[in-house]
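In what follows, a structure is listed as structure tokens, so that the remarks can point back to it.
The values are calculated or read from the model by the stated rules, or taken from the named source; none is laboratory data. Computed from a prediction, not measured in an experiment: that's the story for all the values here. Cβ coordinates were reconstructed from backbone atoms using ideal geometry, including for glycine residues, and neighbour counts include every protein chain displayed. With ligands, DNA and RNA removed, areas are computed over all heavy atoms of the protein, side chains included. Shrake-Rupley method; radii C 1.70, N 1.55, O 1.52, S 1.80 Å.
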Amino acid sequence: MPEEVLKEIAATNEPPNRLASSEFFFLLQRIDRLDEKLSGRVDGLQEKIDRLDEKFSREIKEVDLKLSARIDNVEEKIDRLQDRLDLVQDRVDSIKFWTIGAVITLIAGFAGVIITLLQK
């Protein structure tokens, strides 16, 4: 009990009416101790959570770096394939123009032969 209460009880020789019983103070102290224990456990859990969060953050960063490296590698391969496809496309275009030129030459040759045969 607080000192003021004890002095008041000693001066009047009877407990004051407005105060709670000693059982109430006992229960209040018990609640306070349980609260301290619970707070300690919560703090311990918070520390564990912080450590796990830190660990997961590091692992996520590592995985992110690995995935970024793999994605960059795949992008480089795609770029190389695109360059090769462009080269093949250029070759196909040149063959196409060569074929068109050959067909025109054959048509002109046959036309010349036909015209020559018709003139005789």
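If only the Cβ of Lys and Arg carry +1 and only the Cβ of Asp and Glu carry -1, the dipole of the chain around its Cα centre is close to 1200 debye. Rolling a 1.4 Å probe over the heavy atoms of the protein chains gives the chain an accessible area of 96 Å² per residue. Ligands, DNA and RNA aside, residue 71 has an accessible area near 100 Å² when probed at 1.4 Å.
The Cα-based radius of gyration of region 45-120, divided by its Kirkwood radius, gives an Rg/Rh of 1.74.
Ordering 78, 25, 12 by Cα displacement along the dipole of the chain toward the positive end leaves 78 in first place; charges were set at the Cβ atoms of Lys, Arg (+1) and Asp, Glu (-1).
Ignoring ligands, DNA and RNA, what percent of the accessible area of region 24-86 is carbon or sulfur (1.4 Å)? Display every interim value, and only then the final one.
Values: 3600 of 6210 Å².
Of the solvent-accessible surface of region 24-86, carbon and sulfur hold 58 percent.
For the chain, adding -39500 (n - 2.57) for each run of n ≥ 4 DSSP H residues and dividing by the number of residues yields -34000 deg cm²/dmol at 222 nm.
Lysine pairs in the chain whose alpha-carbon atoms fall under 28 angstrom of each other, counting only those eight or more residues apart or on distinct chains, come to 7.
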